[in-house]
Structures are given as C-alpha cells and as structure tokens.
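Below is one structure; the comments refer to it alone.
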Ligand SMILES: [Fe+2]
Ligand SMILES: [Fe+2]
C-alpha cells in the first residue's frame, strides 16, 4: 500500500492530535476527584494510545486489526455509570470534575469532525474504514462522558 505525500501528512497530523488526546486524558485522570471518573479517563487514554498506534501502522503501509462492533456491543452502550456525586457531596470537587468532562466532550467533537473531513482524502477503502472506526470510538468517548455527567446531574 503506497500512500501519497498528502495522505502521509494527514496521518501524521492525526497522530499528533491523538498524542495530545492521550496526554489530555492522562492529565484528566490524574486530577479528577472521583475515582470512577479517573477510571473512565484512564480507559479512554488507552483507546487514544491505540488510535496513535493504528495511525502509525497505516503510515507503515499496514492495515491495523481491530474489531468493528455494532452499536449494541459498543463500549458506550455497556457503560452504565453510577452516581458518585449527590447533594451532600463536595460541590467544588463536583464542579472540577464537571469541567473536565465538558472540556473532554468538546475535544472529542472536534477530533471526530477532523476524522470525518480527512477520511475523504484517502484513496484506499481499508484506510477509510479504519479512520471511520476511530471516529466512531471518538463519538463513543463523548457518549460515555456524557453518560457520566448525566448520572451525576452535571448535564
Ligand atoms: Fe482518538
Ligand atoms: Fe477520543
């Protein structure tokens, strides 16, 4: 699989973005006040690391192996967070965690849109499918964080 110069540049840029996402979630995991939210951010950081690796494989001319899941089997579908915050909780902690969530959802929106736009630049259908898979996972990240916010009356 030979990539054009433009395709290679796009993959490189997406990889830089994935690195930033990974760093973002690791930082969020280290500063989140609630343990369940820390776990969620840690889990998402691992996905972002996998995305980074997938893009590296594509740049090496390989198609990464991943499982395409239907919506009922998705990570977001099975994620059922319980409320960590209630009326008696520390409100400053809650606000802090809510801000991390809101920032992260905004980020995922942007990244997801970026995949959608860039996908159209590729000639190879397998690469498009892989980028589409990553894009779906970004949407699921936002969905899981939204579910967390909702469970904790932050949304
Ligand atoms: Fe990602
Ligand atoms: Fe993401």
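A compact table of results
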{"quantity": "The range 136-155 residues that are closer than 23 Å to residue 51 by Cα, paired with ones that are away from ligand 1 (no atom under 16 Å from the Cβ) and modelled with pLDDT of 95 or more (beta carbon under 7 Å, 6 or more apart)", "calculated": "144/79; 145/101; 147/79; 147/81; 148/37; 148/81; 148/101"}
{"quantity": "Condition met for residue 78 (modelled with pLDDT under 95 and surrounded by fewer than 16 Cβ atoms within 10 Å (Cβ to Cβ))", "calculated": "yes"}
{"quantity": "Subset of the range 121-138 [surrounded by fewer than 17 Cβ atoms within 10 Å (Cβ to Cβ) and in contact with a helix residue (DSSP H, G or I) (Cβ under 8 Å, 6 or more places away or on another chain)]", "calculated": "121, 123, 128, 132"}
{"quantity": "Some residue of the range 51-61 being assigned to a loop (DSSP other than H, G, I, E, B) and within 18 Å of residue 133 (Cα to Cα)", "calculated": "yes"}
{"quantity": "Residue within the range 59-73 that is touching a residue at least 12 places away in the same chain (Cβ under 8 Å), under 19 Å from residue 8 (Cα atoms), in contact with a helix residue (DSSP H, G or I) (Cβ under 6 Å, 6 or more places away or on another chain) and within 16 Å of ligand 1 (Cβ to nearest atom) present", "calculated": "yes"}
{"quantity": "Qualifying residues in the range 145-155 (those that are more than 10 Å from ligand 2 (Cβ to nearest atom) and assigned to a helix (DSSP H, G or I)) - the one surrounded by the fewest Cβ atoms within 10 Å (Cβ to Cβ)", "calculated": "150"}
{"quantity": "Qualifying positions in the range 61-75 - surrounded by 15 or more Cβ atoms within 10 Å (Cβ to Cβ) and more than 16 Å from the chain's Cα centre (by Cα)", "calculated": "64"}
{"quantity": "Residue satisfying condition, being at pLDDT 95 or above and over 20 Å from residue 13 (Cβ atoms), within set 99, 119", "calculated": "99"}
{"quantity": "Check on residue 37, surrounded by 13 or more Cβ atoms within 10 Å (Cβ to Cβ), away from ligand 1 (no atom under 16 Å from the Cβ), over 27 Å from residue 154 (Cβ atoms) and modelled with pLDDT of 95 or more", "calculated": "no"}
{"quantity": "Qualifying residues in the range 50-75 (those that are under 25 Å from residue 23 (Cα atoms) and modelled with pLDDT under 90) - the one farthest from ligand 2 (Cβ to nearest atom)", "calculated": "67"}
{"quantity": "Count of residues meeting criterion [assigned to a helix (DSSP H, G or I), without any contact (Cβ under 8 Å) to a residue 12 or more places away in the chain and under 19 Å from residue 3 (Cα atoms)] in the range 105-128", "calculated": "3"}
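The values are calculated or read from the model by the stated rules, or taken from the named source; none is laboratory data. Note that this is a predicted model, so its numbers are computed, not measured. Cβ sites come from the backbone with ideal geometry, for glycine too, and all protein chains shown count toward neighbours.
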